Amino acid sequence: MARAFRPVGGAYVAQLDAAESRLVGELARDVLQMLRSRAELTGDLVPDDADPAGVVGPPPAGGTGSAGAESSGGAAGATGEDWWSELGLSTADLGLDADGQLLPDNAAYDVEAARTAGEDGAGTPGVSTRRRARPADPALARLLPDLVGADADPGEAERLRALTEPGIAAAKRAALAEAGELLAQNPLRVPAESAPRFASALNDIRLVLAQRLGIETEEDAARVSRLEDDDEEAELEHYLALLYGFVSWLQESLMTALLRRRR
Amino acid sequence: MTVTSEPLVVPHEDTALSSHQERPYLLIVWDDPVNLMSYVSFVFRSYFGFSAERADELMLRVHHDGHAVVASGSKERIEADVVAMHGYGLQATLRRSEG
């Protein structure tokens, strides 16, 4: 039976069964693998794997540079009489590039590079016109959501995603990898400086499980919580619900310990 | 506030830049049924440096109203805030203020 996190010296310590640690560790590696597959497709993976220092780095502060983004207008060209805008959809919904061509799934598409066919130049000038489509997997899309709502200018979500996704995803991968390593110890000891990253890794695991369990509303969440006690339910649903409940408990327990200390 | 670990990002004044612009950008955090209330409050405290009371108040507003404006400022500043929120796994977007 697991025991909640409590502050011990400069760390937070919880007691998990070997099976519990192993399961949560596997979940961390599963979510990490999802993000790795995405990064391989988008060509983002090389830098942070080559640089182990990235593991202890803080979440991205976003300083991707402003690069005179005002001119972006590229999006305006293709819209207007297109069928998707009639339906209130943006190119974000369709994964289209600025010319209305279908993007390969999960692809990073560099409009500027495609036009000038030379990206080895100064590196940054093309940045403000880069576009990237939202992940096709809804669980990945939940981990890496758009930065703007559906009412934003067409193409804005893809432009911002191209600028920011590599950093966000790298920080998530680092936090999940670290969580996987921490979960291999017994008892589970999370150093204070790692606690926010550990909490966000647990949160990402929960976001993925929640998507697989179809949790969209508070009612869905209540339904899943009832599923935990209902072993008549389909085996996989029941199992996922138990995992979701356990990781939720673990994260809440860390929050309780952290917030008590920070009051 | 007693800080036991390094803040992840240097806190900033949430309205510092809005006086430079007539229509600042807004950081909107959205309610979702997955994120724990304690976690949302924790993120507001660690990232923005809000007091416990302020963080809880904003968290409850997100929870009850479905969303809340948590910061405002220049486009670059608010983009960075959205990136940080997404790093933590919160649902957040930016939009320009209606003026």
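Note that region A:187-263 carries a Kirkwood radius of 13.5 Å, evaluated over its alpha carbons pair by pair.
Rg and Dmax of region A:129-263, based on Cα coordinates, read 17.4, 53 Å. By the count of other C-beta atoms within 10 Å, a proxy for reagent exposure, A:Glu219, A:Glu237 are ordered fewest to most as A:Glu219, A:Glu237.
Figure legend: label point modelled 7 angstrom from the Cα of A:Asn186 along Cα→Cβ; residues of region A:1-22 with amide N under 20 Å from it are A:1-6, A:12-22. Close amide-amide hydrogen proximity is noted between A:Leu183 and no other residue 5 or more places distant or on a separate chain, at a cut-off under 5 Å (H modeled in the peptide plane; Pro and chain starts excluded). Phi-derived couplings, Karplus 6.51 cos²θ - 1.76 cosθ + 1.60 at θ = phi - 60°, listed residue by residue for region B:66-76: x, 6, 8, 7, 9, 7, 9, x, 5, 4, 5 Hz, with x used for Gly and Pro. For region A:181-221, the orientation-averaged shadow of the C-alpha convex hull comes to 3.8 nm² (one quarter of the hull surface).
Compute the signed sum of charges (Lys and Arg +1, Asp and Glu -1) over the other residues within less than 12 Å, Cβ to Cβ, of A:Arg3. Let's see the in-between values first.
Numbers: positive: A:Arg6; negative: A:Asp17, A:Glu20.
Net charge around A:Arg3: -1.
Length gain on complete extension for the stretch B:Ser97 to B:Ser51, per 0.36 nm per residue less the alpha carbon to alpha carbon distance?
Working: separation 46, 0.36 × 46 = 16.56 nm, distance 2.51 nm.
Here the answer is 14.1 nm.
Near the amide H of A:Ala11, within less than 5 Å, lie the amide hydrogens of A:Ala192, all on another chain or at least 5 residues away, with H placed in the peptide plane.
The phi-based Karplus calculation (6.51 cos²θ - 1.76 cosθ + 1.60; θ = phi - 60°) puts the 3J(HN,Hα) values of region B:53-60 at 5, 4, 4, 5, 4, 5, 4, 5 Hz, whole numbers, x for Gly and Pro. With a Förster radius of 41 Å applied to the C-beta separation of A:Arg29 and B:Lys75, the computed FRET efficiency comes to 0.65.
Bear in mind that the values in this text are calculations on the coordinates, not laboratory data. Note that the structure is predicted; figures quoted are calculated from it, not measured. Note: ideal-geometry Cβ built from the backbone for every residue, glycine included; neighbour counts use all protein chains shown.
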